[in-house]
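Every read-out reported here was derived from the displayed coordinates using simple, explicitly stated rules and does not represent laboratory data. As the structure is a computational prediction, the values presented were derived from the model and not from experiment. Glycine also receives a Cβ, built like all others from the backbone with ideal geometry; neighbour counts cover every protein chain displayed.
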Amino acid sequence: MGYYQIDCFKIHLTILRILGVWPTENPSPCYIYLSGLFVFIFTVLYVVIYTMNFYFLPQQLEIFAEELIFYFTNVGALSKALAFIFLRDKVKKMLEMLESDMFQSDNPEEIKLIQKAKEKSSFYWKITAGLSVSANTVNVFLPFVVHVVFNVKLEFPVCRYSFIPEQYEAIFLYPAYLYQSIGITSHMLYNVNIDTFLLGVMFLAMAQLDILDRKLRKVTDVCVHTNAPSGSIDKMIDDENAVAEIIKCIKHYDAVSEYCKLIQEAFSEILFVLFSSGSCKICMCLFRFTMPAETKYFVFLTLYTVVMTLQVMVPCWFGSRLIEKSSQITFSVYDCDWTPRCRRFKSNLRLLVERANRPITIRGGKMFLLSLATFTAIMNSSYSFFTLLRHMQSR
C-alpha cells in the first residue's frame, strides 16, 4: 500500500537526516562520518563548552541565572539527538507497525480518522516550526544585521563564553558567533522535529483507539439472522462471525498496546529530560523575574516562560487524552448487541474488558506519567524550587 500513515513524518525525518540523526537504510561511509562529526561538534561539544563556561562566569547571580535558562534547553536538545541515534531501531519498528496490516483500513470512516490524525500532526509541526524559526531568526540573525548596519556591539546569541580573554575577544567574536548560531539553530530543529514527531505518533495511536472504539460498537453487526432460534445453523453462523470479529478487536487492542509500549521505550529518556529540565527552566525564569533587567528582556523572558510551559503541557495533555480513549474501550464494548451471543463470544468480550481496565499509558524514565497530573506536579515543583531560591537569596 506504500506509505499510508507515516508519510506525515516525511518532513520530520528529512530534517533529522540532514542533522545527522536519521540515516537512510544503507548510509554511505561519507554520511556516517560527516553526520557523526556534525552531531559531535554542534551538539555534544557545544554543551561541553557551555558547561565549562560556568566556571568562568562573573560572580553575579542574574548572569548565572540567565546562562542556566538556555543551558537546560541545550541539554534537552542533546538528549533528544542522542536518543534518536541510539534508539533508532525502536523508532523504525514503531513506524513499521503503523504500516502493518493491523493498522490499515479500507473503511471510509476509519480512513477519515487516520487522515484527521495526520493533518493534526502536520498542523502542529507547521505552528511549532513557524514560531521557532521566527524566534530563532530574531535571536540570531537580527542582532548581526543591526551590528553590521548600525555598528552596535554584537552580543553572543546564547552563551557569553567568558573563558575567552578580553584581548582575544575581537579575534574570536565572529567565529564564536557563527558557531553558536549554527549550534542553537540545530538545537531548535532537533526540538521542533522530535517534539512534534512524538505528538504525531501519539495522534496516530489515538486514531487507532478511535477505530477500535468504532469496531467494538459494531462488532455484532455481522450477525444478520437476529430472529434465528437458539441452536439453529443461522444462529451458529452468526455466533462464529461475532467471535471472529471480537478476536480481531482483541488482537487490534494488543497491537495498539504494543505500539504505545514502543513509543515509551523510544521516548522514555527524552520525556524524562524534558520534564526534569522543564521544571528547572520554569523555575529559573521565575527567579530571573525577581532581578532587575531591561524591559525588552522581561518581554523575552515572558514569552520564553510561556513556550517552556507549553512544551511540557502539550505532551501531558495528549497523554491524558490517550489514557481517556483507552479507558473508553471498556464502555464501548458494551454498546454492541452482546446479550444474545454465545458463551465463547462473552468470554472473549470479558477478556478484552479485563485488559482494557488497565489504561494505556506512556511514562518518561519509568517515573513521569504522561498526564495533566504530572504537568501540575511539575509546575508545583518549579514554584517550590523558586521559593527555595528566593529564601536563599534573601538570607
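Note on the chain: GNM, Cα springs under 10 Å; of Asn53, Asn26, Asn191, the largest mean-square fluctuation is that of Asn26.
Counting only Cα atoms, the size of region 218-363 along its three principal axes is 85, 26, 17 Å, in decreasing order. Of Arg288, Arg343, Arg358, the sequence from fewest to most neighbouring Cβ atoms within 10 angstrom is Arg343, Arg358, Arg288. Taken over the alpha carbons of region 6-394 as equal point scatterers, the Debye sum produces base-10 log I(q)/I(0) values at 0.08, 0.10 Å⁻¹ of -0.53, -0.75.
Taking a quarter of the surface of the Cα convex hull of region 263-311, what do you get in nm²?
3.5
In this structure, the amide hydrogen of Thr220, modeled 1.01 Å from its nitrogen in the peptide plane, lies closer than 5 angstrom to those of Asp337, counting only residues at least 5 positions away or on a different chain. On the basis of the beta-carbon distance and an R0 of 51 Å, Phe298 and Leu351 show a calculated FRET efficiency of 0.30. With 10 Å bins beginning at zero, the pair-distance distribution over Cα atoms of region 157-271 amounts to 11, 22, 16, 14, 12, 9, 7, 5, 3, 1 %. Our helix-only sum for the chain, with -39,500 (n - 2.57) per DSSP H run of n ≥ 4 divided by its residues, gives a mean residue ellipticity at 222 nm of -26000 deg cm²/dmol.
Scoring 180-187, 150-157 by mean Cβ neighbours within 10 Å over their residues and listing the highest first yields 180-187, 150-157. GNM on the chain, C-alpha springs below 10 Å: top fluctuator among Thr309, Thr295, Thr43? Of Thr309, Thr295, Thr43, the Gaussian network model singles out Thr295 as fluctuating most.
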